[in-house]
Amino acid sequence: MEKIKDTLLVVDAYLSDKKRSESCLVIINQLKEKFPNYSILLINKSSKSFNLQKEVDYYLNLSNSFLVGYPPKDILDSERYERPYVYVSTPKGTFENWMPLTGVTDHVAGIYNSFLLTAKFAKSLGYKKVFKVEYDTEFNSNDLSLIKTHVDSFEDYLFYGKRQEGEYAKKHHYLIDVHFIGYSVDLFQGFSLVNNDDDFWELCKKINYYGKWIEYIIPSIVYYQKHSKNKVINGIDFPGIVTDRFPNSSFDKINSPSWWTEKWKNLPLPCKIKYQDNTIDENKIELFSWNDKDYPIDIEVKIFKGDKIIKEYKHVLYKKQWISDSLIIDDTVKIISKVKENNIESYTSEHIIDKNKIKQLNIALKVK
């Protein structure tokens, strides 16, 4: 069968173990079925391949990627750094969970480079567009049939999940989901690969986005091309969260334990209380629990002053449920909780809080 030379399909993978290779093979076979006369490139960020290069038309290895470190001091001092955070909105206010400066999305340089390399590789072979899918994605068959019509019709870019998140988002910054994404081979014209931290922060300076989220970097490049280079760029934007638009498909099937995947672990989480004028309550905290899992979480909490239990309670949180309790801090308290997830996995967490530690808490309740 003669291959179409319009769009190159790309599977972006990290094949470090058998489970990942099996997941990758699933999406490769799905693409073969729905795009029978399209070529497939597998780009792999691991030194292992599990012979999956035999399942595709082209294969590239990117196992020498580097992790981006701490933001430069001048970016931090000028408050330009876009620190990653997640949040949960409740009638009490917004619970903001701020991620650390390293350890979260530090692999952004490798992902950025994969966009440029696939675009350059596809262009060198005569393709006009790229449709890239993360390896731990599994589409519902009807969803993928619909997505194919989008792939066949887009011009310069195909973005899913376009939105602004949180009150700290800049007006010109928006994010997209990159589980699957389309782009022309010329979209990144004028941009270069990043080989070290200095290169990466120079990229941030160029596009006026100082952060490690690839979900912001790609649309910031489009904004730069449109407004700085006055290029005519035509694309398709689908707003809203991808999991809401395609609830029968699976994304991020494989998640390694990290700050990102365990952002709401060790429940309940002590939160400082932040008011509209940005002052912090120095006498009270909130104990917040939020279930972002697909299964129930059982939590048993005991709060101590010295050896005396001053408060204890149990509760069960189902998917997308939360609970928050106020706690006056007039002395050192110890919060010990036993958590059981899905009636199987259990662990114990401990927090020790006194007045001097309140302002240092990473999570905040911003009251309305």
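The values are calculated or read from the model by the stated rules, or taken from the named source; none is laboratory data. In this text, all values refer to a predicted model and were calculated from it rather than measured experimentally. With ideal geometry, Cβ positions are generated from the backbone for all residues, glycine too; neighbour counts draw on all protein chains shown.
Numbers at a glance
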item: Verdict on K92 being of a type in the set (K, R), outside the structural domain of E202 (by TED's automatic domain parsing) and more than 24 Å from S21 (Cβ to Cβ); result: yes
item: Options K293, K229; residue that is surrounded by fewer than 16 Cβ atoms within 10 Å (Cβ to Cβ), in the same structural domain as L144 (by TED's automatic domain parsing) and not hydroxyl-bearing (S, T, Y); result: K229
item: Cross-chain or 6+ apart pairs with Cβ under 9 Å, the stretch 262-291 first and farther than 16 Å from K334 by Cα, then assigned to a loop (DSSP other than H, G, I, E, B) and hydroxyl-bearing (S, T, Y); result: D281/Y275; N291/Y318
item: Pair list, Cβ < 8 Å and 6+ apart or interchain, from the stretch 30-57 residues that are assigned by TED's automatic domain parsing to the domain that holds N140 and of a type in the set (V, I, T) to residues that are surrounded by fewer than 16 Cβ atoms within 10 Å (Cβ to Cβ) and in a loop (DSSP other than H, G, I, E, B); result: I40/D57
item: Hits in the stretch 147-187 - residues which are crowded, with 21+ Cβ neighbours inside 10 Å, of a type in the set (F, W, Y) and not in a strand (DSSP E or B); result: Y174
item: Residues that are closer than 28 Å to S16 by Cα and in a loop (DSSP other than H, G, I, E, B), drawn from the stretch 126-146; result: Y135, D136, T137, F139, N140
item: Selection within the stretch 261-279 - loosely packed, with under 14 Cβ neighbours inside 10 Å and more than 15 Å from S349 (Cβ to Cβ); result: T261, Y275, Q276, D277, N278, T279
item: Count of residues meeting criterion [under 30 Å from N362 (Cβ atoms), acidic (D, E) and not in a helix (DSSP H, G or I)] in the stretch 214-265; result: 2
item: Among (1) polar (S, T, N, Q); (2) touching a strand residue (DSSP E or B) at 6+ places or on another chain (Cβ under 9 Å); (3) modelled with pLDDT under 95 - the single one N44 does not satisfy; result: (3)
item: Of residues in the stretch 1-26 being in contact with a strand residue (DSSP E or B) (Cβ under 6 Å, 6 or more places away or on another chain) and in a helix (DSSP H, G or I), the one nearest to I254 (Cα to Cα); result: C24
item: Options L125, L101; residue that is over 23 Å from L8 (Cα atoms) and of a type outside the set (G, A, S); result: L101
item: Residue within the stretch 63-73 that is part of a strand (DSSP E or B) and modelled with pLDDT under 95 present; result: no
item: Extreme residue, surrounded by the most Cβ atoms within 10 Å (Cβ to Cβ), among residues of the stretch 330-368 that are out of contact with any Gly (no Cβ under 7 Å at 6 or more places or on another chain) and closer than 21 Å to T94 by Cα; result: A364
item: Close pairs from the stretch 214-225: first free of Cβ contacts under 8 Å to residues at least 24 places away in the same chain, partner part of a helix (DSSP H, G or I), Cβ under 9 Å, at least 6 apart; result: Y224/K206; Y224/I207
item: Pairs where the first residue, in the stretch 97-112, is of a type in the set (D, E, K, R) and the second is crowded, with 17+ Cβ neighbours inside 10 Å and assigned to a loop (DSSP other than H, G, I, E, B), C-beta under 6 Å, 6+ apart; result: D106/V68
item: Selected residue [among the charged types (D, E, K, R), in contact with a strand residue (DSSP E or B) (Cβ under 9 Å, 6 or more places away or on another chain) and under 19 Å from D294 (Cα atoms)] from K253, K274; result: K253
item: Test: residue in the stretch 73-84 that is among the hydrophobic types (A, V, I, L, M, F, W, C) and in contact with a Gly (Cβ under 9 Å, 6 or more places away or on another chain); result: no
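Listed here are the residues, each with its yes/no results for (1) surrounded by fewer than 20 Cβ atoms within 10 Å (Cβ to Cβ); (2) acidic (D, E).
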{"site": "K5", "(1), (2)": "yes, no"}
{"site": "D17", "(1), (2)": "yes, yes"}
{"site": "C24", "(1), (2)": "no, no"}
{"site": "Y38", "(1), (2)": "no, no"}
{"site": "Y59", "(1), (2)": "yes, no"}
